[in-house]
Amino acid sequence: MVLIGIGLVFSYSAGAWAAQAGVADDPAYYLKRQIVSALVGLVALVVAAHVPLERLRRAAPTLLVITAGLLLTALLFAPSVHNTQRWLPLPFFGRVQPSELAKLAVVLFLARALAERNAREESFWRLALPVGGLCLLVLLAPDFGTTVFLLAVAATMMLVAGARIGRLLIAGAATLPLLLLAATRFPYVIERLRFFRGESSYQVKQALLALGAGGWLGNGLGAGRQKLGFLPASHNDFILPVVGEEMGFLGILIVAVLFMWIIVHGVRVAQSARDPFAFQLALGATFVIGFQAALNFAVATGAAPTKGLSLPFVSSGGSNLVVVMAAVGLVANVGRAAEEPS
Amino acid sequence: MIRTADPMAHRARVLFAVLLLFFTALVARTGYIQVWLGEEYADRARAQHFREIEVPATRGSILDRNGRVLAVSYHACSVAVDPARIDDPGLYSLELTLQLGEPQRARELARLVARKKEHGKRFVWVKRRLDREPVEALQDGGRAALVVLEEPRRENPHGAAAASLLGVVGDDACGLCGLEYTFDARLRGRPGTRYVLKEGRGRVPWLLFPERGREAVPGLDVVTTLDLGIQVVAERELQALQDEFSPRWSCALVMDPRNGEIVAMAGRPGLYGGRFRKAPPEAFRVPAVHCNFVPGSTLKPLIMASALHAGVVRPGQTLDCGPGRKRFGGRLLHDVTAHGVLSLADVLVKSSNIGMAQVGRALGMRATYATLRAAGFGARHGIELPGEERGRLTPFKRWHPDQTLVSVSMGHELLVTPLQLATMYCGLLNGGTLHPPRLVSRELAPSVREPRRLPIGPDALDFVRRAMVRVVAEGTGRRARIPGVSVGGKTGTSGKFPKGCGKYTASFVAFAPAEAPRFVVLVVADEPQRPDGGTPYGSIVAAPAAGRILREALRLSDSSSISSPSESGVRLKGHGFGMVRVAAVQSSGATVGEVGSPAGGRNPDSAGEENFEAVECRSDTR
């Protein structure tokens, strides 16, 4: 059932970025890359859906360490792209973004840890510290948006697991100075925040224009004009306005409903889970998808500062697609396990 | 299995409910933006997506009175290069300029291309407004960096014929001087607009929407009163005069006294065929309109006629002009020779200064001044050319009976333009109606003033007209005689200040047929030099040219009255410049064939090399 839903979203997304692919010299450049990523993602999905949950549980800390290692490697050795070091070159695949992998790693790790200890007093810091360390590595990339996102995912999972809100607030307070420091260290963050507070940024302005130009029904697939160099990053972070311009509010509604459906379904699957690990895993994976989608909506409509978070499934961007599909696979895995007779 | 009552599940439900709520709110916000505020954003989006670009209209032609083309626009090819596609600017520029026949520009172009390449610029003009053939030859070379654009080019197919008068058109297709300037609004047409979809960051427009935007409305033609054939003759004669006497400036003006139409207006120095970039400032002048001169004796018939009309002198009267010098107040006046006692008509025929001084004194200051004003001196006629001069009259309150009055009677102490003088003659010879001079039809020049009456009766006019016929028949204007035609005329020679400096302005007015003149021809030459060093009298410098122009004008107008107007599609053969094809855009329907150059060479763009034999079109068509 989950798989069918994903198929829907996925086929939709294919249409959307096929329409906006004229950005590169080869009109199908992004489309091809996205198809390759989708195939890889499909493999990831199937694998994630079929690996026994117990094995995943045991692999979780290892994955965290591997991710940390990748992040560190990127930080130290990777060539910088757009003045950041978020990408790792990979043969045959172009490059990957370890910070995307970090989302999965955090979810798996926390699911396992929370299931074991129920997030009681003495264990809290043991959970928080590895996650915090990982976040620090992401932050240093620098990738402010993903850091905040990871922290939010972690906080949510802990909260669900029964962690005291007060303690979470203390942890939050502890990270706050660090975040502030980072914000002052990386001027782009301040810039984005300032843009958000006052006059909206060029990107957001253009995003709003695209949405407005779409109206109810949109200008038709491929007829969007904002993507012609007006709206930056129209093929990834700001794909939503392109959808809005070409398919109108109706298209946006469809996308939103699909995401909500994924969220609702994910929560249902989680509740049908047999053990706390599966429960936490399904919940975390769902949250990764749902929260990212919600944030992307917020950014695209000017309701939140620009973050550099893509819209799951729809935005082009290989690492993200693979990771998000793997997350879907995890949810499906939990769902399958629940249906199997014990 | 996790129970629904489990606090973990509860917390999860609450959290995800919050997430869903958040999501719903965002979707609602999107809807608000898209649907509620949609139109406003959509307008702003459209404003940045489309750009209106201007499509230039085809400029109207300037035609002569028979519909023959004097100035026409057609599509020429401009050549530019894209520096980004040139690997070796030096070599490329050398090749290109060699092929264009201007290797001397190679270095300059190479430097320009290299600099623009460095700055990432992608456009450098090489040469604008070329003919199609050489550009096609360039393109055959398969140069990827070559950019060829169509631009309108203004061409005067008849070279220097009336070139300064027609004026020039600048690079941005607007008239800069002459008729091109005066009638710019009419000629220009209304540019069309085209909407193009553009990309962000101002990149090249890449889609056209023919269904939106507006068609360009081509400019309208301007039909002038000029007669190309007579104009060409005037140019030729003036060039001959220029070659022989090398005056500072000279002009030949042919007018129709019956309506004030200017049939030909030639001037030297002048432009050549709309080419103006290297022309000296004087070349832009139309001397007939822009130059003042002291008319001298050519003014005398007006004063004489006015005095006759006033009754202060009588036709049968004689005047004693004595031994060729006579004192007026404190001034000693001279005649060329001792005339003795002269009849009133002979005063004009022999152009006696002493006689005219007496006539002027008889007329008086007030009447003389009024006559000059009535004849249009000291004021602009409002001819359809920018910058018309008004000449100069001494303000009446400064007139002195011994100085001003005596001087003005013999055509001194005032400045006139050739146009004013010719117009005055038209009035004298058509029965006293002063038609404002015109270069275009009345409909095109609504601001032209109504004709005025000269305050001179027909008897007085008749008297001076007949005296002027005698000037040519037996007096100073003999060199303007035309066999078989009764011609009238008047010479003028005025010495420049200071006295004895040896500089003169020579002029001659001729008209024919004497009984009912169809043409008035005025030739003026400023500071001409006789090869033999003698005094350059109007009779010697200007009269022969005026006579020949008059003769040709009569002949051409006779033949043109026979040829039907439909024949006005003139075929010009032989000369001009290059082999320019002007089978071009002309709303008039008149076509001009090919115009070539005697030298067979390229662009003789400086004045002085023109050859007008070529364009004697009337004799070809006859």
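For this structure, a couple of remarks:
- Counting only other chain Cβ atoms within 10 Å of each residue's Cβ, the peptide A:150-157 averages 1.
- R0 of 30 Å, Cβ-Cβ distance A:Val43-B:Ala144: FRET efficiency to nearest 0.05: 0.10
- Cα-Cα over 26 Å, subset of B:Lys278/B:Lys503; B:Lys278/B:Lys496; B:Lys300/B:Lys326: B:Lys278/B:Lys503; B:Lys278/B:Lys496
- Label-point separation in nm, B:Leu176 to B:Phe497, each point 7 Å along Cα→Cβ: 3.5
- Ordered by the number of other Cβ atoms lying within 10 Å of each residue's own Cβ, fewest first, A:His50, B:His435 fall into the sequence A:His50, B:His435.
- Using the Cβ-Cβ distance between B:Lys278 and A:Ile254 with R0 set to 56 Å, the FRET efficiency works out to roughly 0.20.
- Once the Cα-Cα distance is subtracted from the 0.36 nm per residue extended length, the B:Met365 to B:Asp558 segment shows a gain of 65.1 nm.
- Label-point separation in nm, B:Glu474 to B:Glu215, each point 7 Å along Cα→Cβ: 6.9
- Computed E for B:Ala28/A:Arg268 - FRET, C-beta separation, R0 22 angstrom, nearest 0.05: 0.35
- ³J(HN,Hα) computed for each position of region B:301-310 - Karplus, 6.51 cos²θ - 1.76 cosθ + 1.60, integer Hz, glycine/proline x: x, 5, 5, 4, 4, 5, 5, 5, 5, 6
- B:Trp36, B:Trp399 arranged by Cβ crowding within 10 Å, fewest neighbours leading: B:Trp36, B:Trp399
- A cut-off of 5 Å between modelled amide H atoms, ignoring neighbours fewer than 5 places along the same chain, links B:Val217 with B:Arg190, B:Gly192.
- Take the Cα of B:Val341, go 7 Å toward its beta carbon, and none of the backbone nitrogen atoms of region B:470-502 fall under 11 Å from that spot.
- Label-point separation, B:Glu95 to B:Ala185 (7 Å along Cα→Cβ), nm: 5.1
- Charge context of B:Gly340, other residues only, Cβ under 13 angstrom, K/R +1, D/E -1: 0
- For region B:266-328, averaging the sequence separation of C-alpha pairs within contact (under 8 Å, six or more residues apart) and dividing by the residue count gives a relative contact order of 23 percent.
- Once backbone amide H atoms are built at 1.01 Å from N, B:Phe328 has B:Leu333 as its partners under 5 Å, excluding neighbours fewer than 5 places away on the same chain.
FYI, it's all coordinate maths here, none of it is from the lab. Every value quoted in this text rests on a predicted model; they were computed, and no experiment measured them. Every residue, glycine among them, receives a Cβ derived from its backbone with ideal geometry; neighbour counts consider all protein chains shown.
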